[in-house]
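K.L.:
Dropping a structure here in C-alpha cells format, bear with me for questions.
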Amino acid sequence: MPRTAVVVPTLGRRPEFLDRALHSIRAAGDAYVLMVAPADFDASGLVSSRLIDRKIDERGTSLAAAINQGFAELPNEVEFLAWLGDDDLLRPDSLRLTEEFLSAHPRSAAVYGRCDYIDENDRVLWVNKSGPWAAPLLRVGPDLIPQPGSLFRRSSAEQAGELRTDLGWAFDFDFFIRLGRVGRLSYLNSTLAAFRWHSDSLSVGQRADSVREASDVRRSHLPAWLRPLSVIWEGPVRWATFRAAGLVKEKT
C-alpha cells in the first residue's frame, strides 16, 4: 500500500480532462488513487487499466462533501493525502517530492509549491510562484497557496477537521487556515501541478462569488475585535484578486 493517496472527485462530464489528470497522477509518484463519482459513472475501465485503484459512489451534493467522503474511505495505511480536480494536472515526480519532504519534516502539516495555470490545450498561461510568505499571508490577504500539488499529513488533516460543505469555492482556503494552526504550511521550491483555467472551472466561471466567499472566510478567522477593521484591507485584497484573474484571462 502506498503511503500517499489522491482523491479525485468527478462527475465524469469531462473525459478528455479526466484522462489527462489520472495519467498525471501516475507519473507523479506512487499513490493510491480513489475516485468519487456518481453511481451511474462506470469506472471499471479505469480500474482495469490501473489509472485508479477504486471508485466509490458519491453520496453528498457538493465537491467538498465528495472529497471528505474520499478521505474517510482511504485505507488506514495511508499517511499523506491530496485531492486533484478532474481537469487539473500533477507534474512528473511531484508526489514523490512532496512525500519525501513531509517524511523529512515531521512538524509540517502540509507542503505546497509552484503551480502553472494552463488553458484547455495544456498551454501555460501564467505561473503561481507563491513562496513561503503565502502561508502567513492567509489571514489577511488572498489565498496564494495552490491547492493542486499540495500534500497534507493525514494526522494533521484529521486534527484540522473536514472540509466545510457549506462553502462552494473557498473550502480549500478555509482548510489551509485551519491546517496552519495544527502545523507548518511549508513551501517547496518546485512546480508541482497545473490548474486548468477555463470557463467551466468552478472557481473561474463564478469568480465574483468565489472572491466574496473567500473574503467572508478570511474575516471569520480574525479575532472578533479585529473584524471591524478588516474593511481597511478587504477592498484592496478583493480588487487585487480580481485584477490577477483578469490578467490570466487576457492570455486565454
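K.L.:
Restricting attention to the range 116-137, report how many residues are surrounded by 15 or more Cβ atoms within 10 Å (Cβ to Cβ) and assigned to a helix (DSSP H, G or I).
P.N.:
Result for the range 116-137: 3.
K.L.:
Do we find that LEU81 is touching a Ser or Thr at 6+ places or on another chain (Cβ under 9 Å) and assigned to a helix (DSSP H, G or I) in this structure?
P.N.:
So LEU81 does not fit the description; no.
K.L.:
Within the range 8-64, which residues are at positive phi and crowded, with 17+ Cβ neighbours inside 10 Å?
P.N.:
Scanning the range 8-64 gives a single hit, GLY29.
K.L.:
Let me ask something else. Of the numbered conditions (1) aliphatic (A, V, I, L, M); (2) in contact (Cβ under 8 Å) with a residue 60 or more places away in the chain; (3) loosely packed, with under 14 Cβ neighbours inside 10 Å, ALA5 fails exactly one; give the number of that condition.
P.N.:
So the condition that ALA5 fails would be (3).
K.L.:
Return the residue satisfying two criteria in turn: it lies in the range 100-115 and is over 11 Å from LEU185 (Cα atoms) and of a type in the set (Gly, Ala, Ser), and of such residues it is surrounded by the most Cβ atoms within 10 Å (Cβ to Cβ).
P.N.:
Checked the range 100-115; the qualifying residue surrounded by the most Cβ atoms within 10 Å (Cβ to Cβ) is SER103.
K.L.:
Tell me which residues, restricted to the range 85-96, are in a helix (DSSP H, G or I) and either of a type in the set (Asp, Glu) or touching a strand residue (DSSP E or B) at 6+ places or on another chain (Cβ under 6 Å) (or both).
P.N.:
SER94, LEU95
K.L.:
While we're here: Quick one: in the range 102-115, of everything that is in a helix (DSSP H, G or I) and aliphatic (A, V, I, L, M), which residue is nearest to ARG154 (Cα to Cα)?
P.N.:
Narrowing the range 102-115 to residues in a helix (DSSP H, G or I): 102-104.
Restricting the remaining residues to those that are aliphatic (A, V, I, L, M) gives 102, 104.
Details: LEU102: 11, ALA104: 15 Å.
Ranking the candidates gives LEU102 first.
K.L.:
Go through (1) more than 26 Å from ALA27 (Cβ to Cβ); (2) assigned to a helix (DSSP H, G or I) for ALA157 and report which single condition fails.
P.N.:
Among (1) more than 26 Å from ALA27 (Cβ to Cβ); (2) assigned to a helix (DSSP H, G or I), ALA157 violates only (1).
K.L.:
Considering every residue within the range 32-55, establish whether at least one is within 18 Å of the chain's Cα centre (by Cα) and small (Gly, Ala, Ser).
P.N.:
Going residue by residue through the range 32-55, those that are within 18 Å of the chain's Cα centre (by Cα) are 32-37.
Checking which are small (Gly, Ala, Ser) leaves us with 37.
Yes, because at least one residue in the range 32-55 is within 18 Å of the chain's Cα centre (by Cα) and small (Gly, Ala, Ser).
K.L.:
Of the conditions (1) within 14 Å of LEU81 (Cβ to Cβ); (2) buried (at least 20 other Cβ atoms within 10 Å of the Cβ), LEU188 clears all except one; give me its number.
P.N.:
Tallying (1) within 14 Å of LEU81 (Cβ to Cβ); (2) buried (at least 20 other Cβ atoms within 10 Å of the Cβ), LEU188 fails exactly one: (1).
K.L.:
Something else: Report those strands (runs of 3 or more DSSP E) wholly inside the range 1-65 carrying at least 3 residues which are among the aliphatic types (A, V, I, L, M).
P.N.:
Because the criterion is at least 3 residues that are among the aliphatic types (A, V, I, L, M), the strands (runs of 3 or more DSSP E) in the range 1-65 that meet it are 4-9, 32-37.
K.L.:
Can you find, within the range 108-125, the residue that is farthest from ALA82 (Cα to Cα) among those that are of a type outside the set (Asp, Glu) and in contact with a helix residue (DSSP H, G or I) (Cβ under 9 Å, 6 or more places away or on another chain)?
P.N.:
Here is the first cut: in the range 108-125, the residues of a type outside the set (Asp, Glu) are 108-115, 117-118, 121, 123-125.
Okay, now just the ones that are also in contact with a helix residue (DSSP H, G or I) (Cβ under 9 Å, 6 or more places away or on another chain), so 108-113, 117, 125.
Values: SER108: 15, ALA109: 12, ALA110: 10, VAL111: 10, TYR112: 11, GLY113: 13, TYR117: 19, LEU125: 24 Å.
My answer is LEU125.
K.L.:
When the residues of the range 138-154 are filtered to those that are of a type in the set (Lys, Arg) and outside any helix (DSSP H, G or I), which remaining residue is surrounded by the fewest Cβ atoms within 10 Å (Cβ to Cβ)?
P.N.:
ARG139
K.L.:
Among the residues of the range 192-214, how many are buried (at least 18 other Cβ atoms within 10 Å of the Cβ), modelled with pLDDT of 75 or more and not in a strand (DSSP E or B)?
P.N.:
Looking only at that region, the number is 5.
K.L.:
For the range 158-171, does any single residue satisfy the condition of being among the hydrophobic types (A, V, I, L, M, F, W, C), over 17 Å from ARG218 (Cα atoms) and at pLDDT 95 or above?
P.N.:
Among the residues of the range 158-171, not one is among the hydrophobic types (A, V, I, L, M, F, W, C), over 17 Å from ARG218 (Cα atoms) and at pLDDT 95 or above, which makes the answer no.
The values are calculated or read from the model by the stated rules, or taken from the named source; none is laboratory data. Note that the coordinates shown come from a computational prediction; the quantities given were computed from them, not determined experimentally. Note: ideal-geometry Cβ built from the backbone for every residue, glycine included; neighbour counts use all protein chains shown.
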